[in-house]
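The values are calculated or read from the model by the stated rules, or taken from the named source; none is laboratory data. Worth saying up front: this structure is predicted, and the values here are computed from it rather than measured. Because the Cβ atoms are built from the backbone with ideal geometry, glycine has one as well, and the counts that use them run over all protein chains shown. Accessible surface is based on the protein model in full, side chains and every heavy atom, while ligands, DNA and RNA are left aside. Shrake-Rupley method; radii C 1.70, N 1.55, O 1.52, S 1.80 Å.
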Number of protein chains: 2
Amino acid sequence: MASSAPKYDVFQAIADPTRRRLLQLLVEQEMPVTVISGHFPISRTAVSKHLRILAEAGLVQERKVGRETRYRMQPEPLQELKQWLAYYEQFWDNKLAALAHYMENQDAEGIVDRVPKIVKQERETKG
Amino acid sequence: MASSAPKYDVFQAIADPTRRRLLQLLVEQEMPVTVISGHFPISRTAVSKHLRILAEAGLVQERKVGRETRYRMQPEPLQELKQWLAYYEQFWDNKLAALAHYMENQDAEGIVDRVPKIVKQERETKG
DNA sequence: CCATTACGAAACCTTTTCGTTTCATATTCG
DNA sequence: CGAATATGAAACGAAAAGGTTTCGTAATGG
């Protein structure tokens, strides 16, 4: 219920290529909006909107310095992504792959509902 | 140049929550469309479109069995995401953080163009 | 003080995205 | 064969995304 709860999804925030480039630009160095937008072919206002989205996802931090607002990347929220990824890593770099395969070929009743009836009549039109 | 070149971006593919749920559902088990769509509150056709997007990103594989089309997750394309993430991991779990901070406080000329003039007149309206 | 600079808010437009319903086609089975 | 099933393609609609230009306001500095 606090103020810093991410309102924008990290997955969505990084979906846009421009925003990924923004992160890259701001990962090591804080920069004011005008300077940032100089690195992009779109308007300053458009960049500003992307920055807001990133900020709401917690991926950049803003700080007012005089009349400028400086932005800098904040990598922490990416941990959520890392965690999400970690789950699927199991399935590509080893181990459970064999097990999953085994279950599939066994008839998967009890693992996922509704599947069995259809799975059973497997007929393979073509070899 | 082959047929399996990903036409859809992985970042974009996983941006949608429904598609992430699809991946989760299909990670261990292959399933036909009708069964899959039974797990979602949207129409079968809508699910089918999401599956197509995932397929174009290489995240699911489809296989025709009789009159049904079965889908299953293919985790490999997530490696791109992992790689992208790895770059930023440096910045949250250690090392370079200190260095980056150092550079910032030093005046960052030569690191990012255009910054210097503005950075220098730092005045900090408020403490 | 007043012109300039930095920036976000607002209004607006175009394209995508996500969903729907309807239709066509292939496969299965009595 | 013909009804039923599984699915994608097409046409369509509403809302969100990404962009632009214009305007208001706050800070700077001559």
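Between copies, how close do the B:Arg52 label points come, placed 7 Å along Cα→Cβ, listed in nm from shortest?
3.4
Tell me the distances, shortest first, between A:Glu89 and the same position across the other copies, using label points 7 Å along Cα→Cβ, in nm to one decimal.
0.5
Could you report the buried accessible area between B and A, both sides summed, computed with a 1.4 Å probe and given in Å² to the nearest 100?
So the total buried area for this chain pair works out to about 4800 Å².
When you look at the Cβ of every residue in B:24-36, what mean number of other chain Cβ atoms sits within 10 Å?
Counting other chains' Cβ atoms within 10 Å and averaging over B:24-36 gives 4.
Going by the rotation axis that takes chain A to chain B, pick out the residue of A with the closest C-beta and quote the gap in whole Å.
Measuring from each Cβ to the axis, the minimum is at A:Ala15, 2.
Sequence-distant or interchain residues sharing an amide H contact under 5 Å with B:Arg70, placed H: which?
Distant-sequence amide H within range of B:Arg70: B:Arg63, B:Lys64, B:Val65.
For the pairs A:Lys7/B:Lys64; B:Lys49/B:Lys82; A:Lys7/B:Lys82, note any where the Cα-Cα span goes beyond 29 Å.
Violating the 29 Å limit, Cα to Cα: A:Lys7/B:Lys64.
Per-residue mean of other chain beta-carbon atoms within 10 angstrom of the beta-carbon, peptide A:78-86?
Averaged over the peptide's residues, the number is 5.
Over all residues in A:67-75, what is the mean tally of Cβ atoms on other chains that come within 10 Å of each residue's Cβ?
That works out to 3 on average.
Let me know the charge dipole size of the stretch A:10-73 about its Cα centre in debye, to the nearest 20, where only the beta-carbon of Lys, Arg (+1) and Asp, Glu (-1) is charged.
140 debye
Using the 7 Å Cα-to-Cβ label point, sort the distances from A:Tyr8 to its equivalents in the other copies shortest first and give them in nm to one decimal.
2.3
Taking the Cα centroid of the stretch B:48-74 and of the stretch A:20-39, what is the distance between the two, rounded to the nearest whole Å?
38 Å
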